[in-house]
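S.K.: The following block contains the structure, expressed as structure tokens.
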Amino acid sequence: MGNDRSAIPAASRKRAWRLGWRAALAGVFALVALGGLGFKLWEARAVHAAARDAKRLIQAGAFQEAGASLDRWLAARPDDAEARFFAARRAIGLQRFDDGLRGLQSARKLGYPAAAVDREQGLVLARAGRLADAEPMLQKLFRQAGATGKRDAEVDEALARCYIETFQLRAAEAVVKQWIVDAPDDARAYYWKAEIDRRRTDTTQDVLIAGYEQVVRLDPRHEKGRLALAELYLRTHRYDDAASQYDIVRASRPDDVEALLGLGRVAVERGEDDEAARCFDRAADVAPNDFRPLSERGKLEMKRGRFQPALGFFDRAVALDADEPEVHYQRSLVLTWLGRADEAKKETEETTRLQKQKAEIDAILDDLRKSPKDASIQYAAARWLIEHGHPDEGLRWAEKNVREHPTHAETHHLLADYYQRRGDAGLANFHKLQAGER
């Protein structure tokens, strides 16, 4: 009886059917909603995983490997400030500095913390060689680190480099001194201290050696410090010590040019001419645009009394760098031995001319060490560099000078001439106006 549908009124059966239909439909909607929610949760987890992997790889310096994860993160969240910031960091790590700087500005506009953006921007400007732009930003970061007590070794290093490369040795020394206090086991700080000492004319060889020895004690993998130490050992006739340092570098970098040249010079001093030749030849193979292995090879042939082969090496060296006075001097000697007096005389005259040029720039550099902010000295450095085939370096000094001394007319004249020769009439006219020309 209980299962007899005829006992249920028709109206009740119709109402139950409608309720069942609605319940079923609600269930379908619920399943769809749950499915959409599930997809969104899955998507959020996937984006989170991509972001996590991208950040981990970028922070570890694995910039190439981070590309796929970063692309997934950016595709899902194109306006995410953090994603843009890490994309900028990756570009910087891949040496794409302009892309990195643009990316940092995008991250800033999207609301990424200004302090983090400023830090990366200062560091990348220093790495890109834009020291005049980097210096004020790094100075600010350095002061902030001092005020908060949160020291930043990368900022310290970048600011020290800015000061050293612009001959502000006193300022650089203060930064490095603080860095050593804050990070007494950081070999990089001691390396820059040694670099500052090396640029001083009154530093003894013993002090320099002790400085670089401290660097390699703290960090046995610090190859720049080890090569500098090896060079000092070689200069002070400690040939076994020098060879040991060069061998350590070659253990990890068999074709390091500096180590090959150093070992070749050690072999020459030991009278091991065949070994010296092997080292210099290998250095020439791995660095075909470097004149030094060829010059060393030429000197070795002269030592052996083989003047015609020596001349061949010096000819190749001059073709790579015609402004190096030592090569012209060596070439004049070998031409004399070969009885080619007229050519030897021309090489002697060229040597004298180039030595005079070198003395000029050395004097300017000495003045810069004494007065790194002096407008007339910076102008002299910029002019000499531009006139003697180093336009990029000269331009950097000239632009630095007009930033620091906006009314220095001679530097504006120099920049106007520079841009006029390059066909950039707009910048040429700008600097003419700044110089007071109409």
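S.K.: Residue 57 - would you say it is at pLDDT 90 or above, out of contact with any strand residue (DSSP E or B) (no Cβ under 9 Å at 6 or more places or on another chain) and either hydroxyl-bearing (Ser, Thr, Tyr) or surrounded by fewer than 20 Cβ atoms within 10 Å (Cβ to Cβ) (or both)?
M.R.: no
S.K.: Can you tell me which residue among 238, 199, 250 is touching a residue at least 40 places away in the same chain (Cβ under 8 Å) and charged (D, E, K, R)?
M.R.: So the residue among 238, 199, 250 that is touching a residue at least 40 places away in the same chain (Cβ under 8 Å) and charged (D, E, K, R) is 199.
S.K.: Could you check how many residues of the range 373-404 are in contact with a Phe, Trp or Tyr (Cβ under 9 Å, 6 or more places away or on another chain) and more than 23 Å from residue 323 (Cα to Cα)?
M.R.: 1
S.K.: Here's another thing I want to ask about it. Among the residues of the range 68-85, are any part of a loop (DSSP other than H, G, I, E, B) and surrounded by 17 or more Cβ atoms within 10 Å (Cβ to Cβ)?
M.R.: Yes, there is a match, as at least one residue in the range 68-85 is part of a loop (DSSP other than H, G, I, E, B) and surrounded by 17 or more Cβ atoms within 10 Å (Cβ to Cβ).
S.K.: (1) farther than 19 Å from residue 64 by Cβ; (2) of a type outside the set (Ser, Thr, Tyr); (3) surrounded by fewer than 16 Cβ atoms within 10 Å (Cβ to Cβ): which one isn't true of residue 95, the others all being true?
M.R.: (1)
S.K.: If you don't mind, there's one more thing I want to ask. Among the residues in the range 300-307, are any open to solvent by 40 Å² or more (accessible area, probe 1.4 Å), part of a helix (DSSP H, G or I) and under 29 Å from residue 334 (Cα atoms)?
M.R.: Within the range 300-307, one or more residues are open to solvent by 40 Å² or more (accessible area, probe 1.4 Å), part of a helix (DSSP H, G or I) and under 29 Å from residue 334 (Cα atoms).
S.K.: Next question, about the same structure. Can you tell me which of 314, 291, 280 is more than 14 Å from residue 265 (Cβ to Cβ) and either more than 27 Å from the chain's Cα centre (by Cα) or without any contact (Cβ under 8 Å) to a residue 24 or more places away in the chain (or both)?
M.R.: Selected residue: 314, the only one of 314, 291, 280 that is more than 14 Å from residue 265 (Cβ to Cβ) and either more than 27 Å from the chain's Cα centre (by Cα) or without any contact (Cβ under 8 Å) to a residue 24 or more places away in the chain (or both).
S.K.: Could I ask something else about it? Going by the structure shown, is residue 202 surrounded by 18 or more Cβ atoms within 10 Å (Cβ to Cβ) and at pLDDT below 90?
M.R.: no
S.K.: If I filter the range 223-230 for residues that are free of Cβ contacts under 8 Å to residues at least 40 places away in the same chain, part of a helix (DSSP H, G or I), in contact with a Pro (Cβ under 9 Å, 6 or more places away or on another chain) and buried (at least 17 other Cβ atoms within 10 Å of the Cβ), do I get at least one hit?
M.R.: Within the range 223-230 (the criterion being free of Cβ contacts under 8 Å to residues at least 40 places away in the same chain, part of a helix (DSSP H, G or I), in contact with a Pro (Cβ under 9 Å, 6 or more places away or on another chain) and buried (at least 17 other Cβ atoms within 10 Å of the Cβ)), the answer is yes, since at least one residue qualifies.
S.K.: Please go through the range 247-262 and pick out each residue that is under 23 Å from residue 302 (Cα atoms) and open to solvent by 50 Å² or more (accessible area, probe 1.4 Å).
M.R.: 258
S.K.: A follow-up question, please. The conditions are (1) part of a loop (DSSP other than H, G, I, E, B); (2) surrounded by 19 or more Cβ atoms within 10 Å (Cβ to Cβ), and residue 172 fails exactly one of them. Which is it?
M.R.: Evaluating residue 172 over (1) part of a loop (DSSP other than H, G, I, E, B); (2) surrounded by 19 or more Cβ atoms within 10 Å (Cβ to Cβ) leaves (1) as the failure.
S.K.: So, in the range 231-246, exactly how many residues are under 14 Å from residue 258 (Cα atoms) and either open to solvent by 30 Å² or more (accessible area, probe 1.4 Å) or among the aliphatic types (A, V, I, L, M) (or both)?
M.R.: Number of matching residues: 6.
S.K.: Could you tell me how many of the residues in the range 175-199 are aliphatic (A, V, I, L, M), open to solvent by less than 70 Å² (accessible area, probe 1.4 Å) and over 14 Å from residue 154 (Cα atoms)?
M.R.: 2
S.K.: From the residues in the range 323-358 that are within 23 Å of residue 380 (Cα to Cα) and out of contact with any His (no Cβ under 8 Å at 6 or more places or on another chain), which one is modelled with the lowest pLDDT?
M.R.: Here the answer is 358.
S.K.: Also, I was wondering about something else. Could you list, in sequence order, all residues of the range 129-160 that are open to solvent by less than 60 Å² (accessible area, probe 1.4 Å) and charged (D, E, K, R)?
M.R.: Listed by number, the residues that qualify are 133, 135, 152, 156, 157.
S.K.: Are there helices (runs of 4 or more DSSP H) fully within the range 239-297 with at least 3 residues that are more than 14 Å from residue 227 (Cα to Cα)? List them.
M.R.: Here the list reads 257-270, 273-286.
S.K.: In the range 263-278, how many residues are within 14 Å of residue 246 (Cβ to Cβ), small (Gly, Ala, Ser) and either out of contact with any Leu (no Cβ under 6 Å at 6 or more places or on another chain) or open to solvent by 10 Å² or more (accessible area, probe 1.4 Å) (or both)?
M.R.: Summing the residues that are within 14 Å of residue 246 (Cβ to Cβ), small (Gly, Ala, Ser) and either out of contact with any Leu (no Cβ under 6 Å at 6 or more places or on another chain) or open to solvent by 10 Å² or more (accessible area, probe 1.4 Å) (or both) in the range 263-278 gives 2.
The values are calculated or read from the model by the stated rules, or taken from the named source; none is laboratory data. Worth saying up front: this structure is predicted, and the values here are computed from it rather than measured. Neighbour counts run over all protein chains shown; Cβ positions are idealised from the backbone, glycine included. SASA here: full protein model, heavy atoms, side chains in, ligands and nucleic acids out. Shrake-Rupley method; radii C 1.70, N 1.55, O 1.52, S 1.80 Å.
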